[in-house]
Amino acid sequence: MNDITVVPVPARVEPAPGVTFVLPADGVIRSDSASAGAFLAGALRPATGFALPVVADHPAPAIELRLVASGADEGYELDVDAGSVVVRARTTAGLFYGVQTLLQLLPSSVDAATVQDGPWTVPGGRIRDEPRFAYRGAMLDVSRHFFGPEVVLRFVDELSRYKINFLHLHLSDDQGWRIAIESWPELARSGGATQVGGGAGGCFSQAEYARIVAHAAERHVTIVPEIDLPGHTNAALHAYPQLNADGTAPPAYTGVDVGFSTLTVGREATYTFVQDVLREVAALTPGPYLHIGGDEAQSTSTEDYLAFMDRVQPMVTALGKTVVGWHQIGPARREPGRIAQYWGHKPEPDEDLLAAIAQGDRILLSPADRVYLDMKYTVDTPIGLDWAGHITTRTAYDWDPAALLPGDADVAGVEAPLWTETVATAADIHLLTFPRLPAIAEVAWSPQAARDWAAFRVRLAAHGPRWTLRGVGFHPDPEVF
Ligand code: IFG
């Protein structure tokens, strides 16, 4: 296990020099978890061509996935000797992460969709691993440009290989409403009818959203839906005149400005609307979090903003969910367990952030100059924005989440948002996401002491062939490849 190229780098690696496991063609997988066993077999069969039956009991399995009584929530142990590979974990999430590490210890050709030549070797040794932060996320803005379920499912497949465990879907904004709400049908019909640039837009049916939730859950990814309120609401205001102060609906918006829209804080219809939407979204979301946005409410007075948040945040708690908001929500009265998502990028302290920390919010770190995946890599990047600066893979990697905020902040983890004003296709998503998201995944998973750019860039370079085999495009960052 010297020079292994696992990303995120595991917490503890103990090589067994000279020991190598070779997966035999007649190998059997024995697993305490049917889902973990099936996932591993599904990942190995295409490239190896081996049958790899999965059984609950076997005297001498080649690979064993074992649930044990102790261990960290998402931790695992991986033991490789000449005759067997054993993954031990207390939870199925831990088994899943041990499987991801095992797949990265095998030759990169294991990621091919067709049978490749072996031998299917795994270097001997022991890995004991667990995450630094419990919240390791990515966000996909499906409002500025809409992406159908297939694109989102593929995005989940790729991010879960790097032990990302939350996907935040930005489901509503000025340009589009992207989740059908049965009690307010015009949101999908009219609010979902367009997107930035005037294209056809679209909207997840509730069945499609449920399919995304289920697919993500199989890969231990929890969906965090965001209904952005009270700003970023032109699509809803366009769909329903009665939500507007003067009863007149604004036209659909296909530009890229922000801050011009607001729900009408003094109108009761607003709260019936919000309650119905949050109720239906909560019912579709098994995860603990409902994100209610709160950013860039530049057309909402501070007094109205606070009054709105005082009425709406308790709705989330009453639905059995925990509030997440962009850090502008900080001054509003805190609901139990609230997470404030920090997206600042300036060195000076941000008053809203300080208010969130003072109220005891957990802080989800999304520093725009480090993890905003819609930022260009360099001036030459054909898509993306640059208001928070350029973000090379090294910029995304070379920082310590514990050193960003005042000492008493409670850091929940790290999330990398991909806003899609300039992102129109799956290829655009891949170009901006890879290789930076795997870098950010290591920031969120691995111990700071185990991380350094010089070693990371060598490990990361080895993933280029894997992405190519999987049809995942990426930016050939000259500092990496
Ligand atoms: N800020 C806006 C996003 C998006 C982004 C693009 C947040 C929280 C700029 N709000 O980031 O809607 O427009 O980089």
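The set of residues in the stretch 390-444 being closer than 18 Å to R459 by Cα and of a type in the set (A, V, I, L, M) consists of A396, L437, A439, I440, A441, V443, A444. The residue pairs whose first member lies in the stretch 373-384 and is of a type in the set (S, T, Y), whose second member is modelled with pLDDT of 95 or more, and whose beta carbons are closer than 7 Å, counting only pairs six or more residues apart or on different chains, are Y377/H390; Y377/I391; Y377/T392; Y377/H475; Y377/D477; T378/H390; T378/T392.
Kindly provide the set of residues from the stretch 355-370 that are in a helix (DSSP H, G or I), buried (at least 24 other Cβ atoms within 10 Å of the Cβ) and either within 11 Å of the ligand (Cβ to nearest atom) or not hydrophobic (A, V, I, L, M, F, W, C) (or both), ordered by number.
Keep residues of the stretch 355-370 that are in a helix (DSSP H, G or I), which gives 355-358, 368-370.
When the remaining residues are screened for being buried (at least 24 other Cβ atoms within 10 Å of the Cβ), the result is 356, 370.
Residue satisfying the conditions is R370 alone.
Meeting the requirement of 2 or more residues that are without any contact (Cβ under 8 Å) to a residue 24 or more places away in the chain and either in contact with a Leu (Cβ under 9 Å, 6 or more places away or on another chain) or surrounded by fewer than 21 Cβ atoms within 10 Å (Cβ to Cβ) (or both), the strands (runs of 3 or more DSSP E) wholly within the stretch 58-167 are 85-89. Are any residues in the stretch 171-201 out of contact with any Ser or Thr (no Cβ under 8 Å at 6 or more places or on another chain) and more than 19 Å from P250 (Cα to Cα), and if so, which ones? Across the stretch 171-201, the qualifying residues are I181, E182, S183.
None of I339, I329 is over 23 Å from W453 (Cα atoms) and out of contact with any Lys or Arg (no Cβ under 7 Å at 6 or more places or on another chain) except I329.
Could you tell me which of the residues R459, R451 is touching a Phe, Trp or Tyr at 6+ places or on another chain (Cβ under 9 Å), modelled with pLDDT of 95 or more and of a type in the set (K, R)?
Answer to the selection: R451.
Within the stretch 1-53, restricting attention to residues that are among the acidic types (D, E) and modelled with pLDDT of 95 or more, which residue is nearest to L67 (Cα to Cα)?
Applying the first criterion (among the acidic types (D, E)) to the stretch 1-53 yields 3, 14, 26, 32.
This time we only want the ones that are modelled with pLDDT of 95 or more, so: 14, 26, 32.
Details: E14: 21, D26: 24, D32: 6 Å.
Among those residues, the one meeting the criterion is D32.
Only a single item in (1) more than 19 Å from G137 (Cβ to Cβ); (2) of a type in the set (G, A, S); (3) touching a strand residue (DSSP E or B) at 6+ places or on another chain (Cβ under 7 Å) is not met by G413, and it is number (1).
Any residue in the stretch 274-292 that is within 12 Å of the ligand (Cβ to nearest atom), touching a residue at least 12 places away in the same chain (Cβ under 8 Å) and in contact with a His (Cβ under 9 Å, 6 or more places away or on another chain)? If you could, list the steps in order and put the result at the bottom.
First pass over the stretch 274-292, keeping only residues within 12 Å of the ligand (Cβ to nearest atom): 291.
Cutting the leftovers down to touching a residue at least 12 places away in the same chain (Cβ under 8 Å) gives us 291.
Then drop every residue that is not in contact with a His (Cβ under 9 Å, 6 or more places away or on another chain), which leaves 291.
Yes, because at least one residue in the stretch 274-292 is within 12 Å of the ligand (Cβ to nearest atom), touching a residue at least 12 places away in the same chain (Cβ under 8 Å) and in contact with a His (Cβ under 9 Å, 6 or more places away or on another chain).
When the residues of the stretch 336-351 are filtered to those that are surrounded by 18 or more Cβ atoms within 10 Å (Cβ to Cβ) and within 12 Å of the ligand (Cβ to nearest atom), the one that is farthest from P314 (Cα to Cα) is G344.
Do you know which residues across the stretch 308-334 are assigned to a loop (DSSP other than H, G, I, E, B) and either hydrophobic (A, V, I, L, M, F, W, C) or buried (at least 24 other Cβ atoms within 10 Å of the Cβ) (or both)? Write out each step before concluding.
First pass over the stretch 308-334, keeping only residues assigned to a loop (DSSP other than H, G, I, E, B): 319-321, 330-334.
Those that are assigned to a loop (DSSP other than H, G, I, E, B) and either hydrophobic (A, V, I, L, M, F, W, C) or buried (at least 24 other Cβ atoms within 10 Å of the Cβ) (or both): L319, G330, A332.
Which residues, taken from the stretch 279-307, are part of a loop (DSSP other than H, G, I, E, B), over 25 Å from the mean Cα position of the chain (by Cα) and surrounded by 16 or more Cβ atoms within 10 Å (Cβ to Cβ)? Give the derivation first.
Start the filter on the stretch 279-307 by keeping residues that are part of a loop (DSSP other than H, G, I, E, B), which leaves 284-288, 294-301.
Then keep just the ones that are over 25 Å from the mean Cα position of the chain (by Cα); that gives 298-301.
Result: T300, single match.
For the stretch 424-436, a tally of residues being crowded, with 24+ Cβ neighbours inside 10 Å and either among the polar types (S, T, N, Q) or assigned to a helix (DSSP H, G or I) (or both) returns 4.
The values are calculated or read from the model by the stated rules, or taken from the named source; none is laboratory data. Being a predicted model, the structure only gives us computed values, none of them experimental. Note that each Cβ is placed from the backbone with ideal geometry, even for glycine, and that neighbours are counted across all protein chains shown.
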